[in-house]
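This report concerns only the one structure given below.
The values are calculated or read from the model by the stated rules, or taken from the named source; none is laboratory data. Quantities reported herein were computed from a predicted structural model and do not represent experimental measurements. Glycine gets a Cβ as well: all are built from the backbone with ideal geometry, and neighbour counts include every protein chain shown.
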Amino acid sequence: RRVAILISGRGSNMAALIKAAKDPTFPAEIVLVMSNIANAGGLERAQAAGIAAVTIESKSFGRDREAFERAMHDELVRHNIDLVCLAGFLRLLTPWFVQQWQGRMINIHPALLPAYRGLHTHERALADGVKIHGATVHFVVPDVDAGPIIVQGAVAVHETDTADTLAARVLEVEHQIYPQALRMVASGQTSIIGALCRATGATA
Ligand code: GRF
């Protein structure tokens with residue numbers, strides 16, 4: 001399985017995936033890192049790891065989201081990509097793009113979905129006084145942060161936590177569960193069809 005990772009920033013989850021994929025038993029190879037932001041920190045890290053790193057600047061497409069996504073899609077197809085991992089990719093994707101990759105695109109979200117979809121998850125968890133928080137890897141569907149769940153990791157919330165300390169502990173969990181989830185999807189151990197059937201009680 002040939003994997004592309006889409007980033008917008010520092011790429012610490014990307015780095016965790018690259019590291020895990022070095023294991024000879026890992027069922028996927030990371031062959032492409034794509035950023036929608038020029039000079040995203042993760043790009044240099046990808047290059048240093050010997051992985052093709054490409055920028056397709058969303059900014060340069062202005063409001064034309066479809067043209068931006070078509071450029072990304074073409075690049076993915078050019079690299080014969082089977083699976084796409086969103087890792088801190090800060091652009092909402094249109095239903096068109098999601099449908100092209102449905103079942104073959106996964107995302108990491110810094111909360112225990114279905115709680116805290118969207119932004120500022122750590123601040124909101126602290127404001128609610130929850131005692132358990134965490135991260136989720138899920139299949140991407142057109143609805144944001146709503147796709148079938150693949151793996152979750154939990155952390156205890158401490159009395160003394162700030163959004164930053166909590167984010168740092170959740171990030172450690174993210175780095176563990178993202179490689180685990182990619183392994184499951186790439187090896188066929190889980191699929192979006194299987195997950196949807198489990199959720200509805202139907203048989204595949
Ligand atoms: C992570 O917290 C991820 O869950 C969220 O954005 C952050 C990206 O961090 N979607 P990094 O670029 O992987 O370091």
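Observations on the model:
- Among the conditions (1) touching a Ser or Thr at 6+ places or on another chain (Cβ under 8 Å); (2) more than 16 Å from the ligand (Cβ to nearest atom), the only one that residue 81 does not satisfy is (1).
- Selection count, the stretch 44-58, where residues are among the polar types (S, T, N, Q) and either in a strand (DSSP E or B) or crowded, with 16+ Cβ neighbours inside 10 Å (or both): 2
- Residue list for the stretch 1-32, restricted to those being away from the ligand (no atom under 11 Å from the Cβ) and either under 13 Å from the mean Cα position of the chain (by Cα) or hydrophobic (A, V, I, L, M, F, W, C) (or both): 3, 4, 18, 20, 21, 26, 28, 30, 31, 32
- Residue 60 falls short on exactly one of the conditions (1) within 12 Å of the chain's Cα centre (by Cα); (2) of a type in the set (S, T, N, Q); (3) more than 15 Å from the ligand (Cβ to nearest atom), and that condition is (1).
- Filtered by the rule that a residue be outside any helix (DSSP H, G or I) and among the polar types (S, T, N, Q), the stretch 5-43 gives 8, 25, 35, 36, 39.
- Selection count, the stretch 115-133, where residues are within 16 Å of the ligand (Cβ to nearest atom) and either surrounded by fewer than 21 Cβ atoms within 10 Å (Cβ to Cβ) or of a type in the set (S, T, N, Q) (or both): 9
- Residue satisfying condition, being in the same structural domain as residue 129 (by TED's automatic domain parsing), surrounded by 19 or more Cβ atoms within 10 Å (Cβ to Cβ), within 16 Å of the ligand (Cβ to nearest atom) and touching a residue at least 40 places away in the same chain (Cβ under 8 Å), within set 112, 86, 93: 112
- Summed over the stretch 96-109, the residues that are touching a residue at least 40 places away in the same chain (Cβ under 8 Å) and crowded, with 20+ Cβ neighbours inside 10 Å give a count of 3.
- Scanning the stretch 142-188 for residues that are within 15 Å of the ligand (Cβ to nearest atom) and either at pLDDT below 95 or part of a loop (DSSP other than H, G, I, E, B) (or both) yields 144, 145, 146, 147.
- The residue pairs whose first member lies in the stretch 16-31 and is assigned by TED's automatic domain parsing to the domain that holds residue 50, whose second member is at pLDDT 95 or above and among the aromatic types (Phe, Trp, Tyr), and whose beta carbons are closer than 9 Å, counting only pairs six or more residues apart or on different chains, are 16/178; 17/178; 20/26; 20/178.
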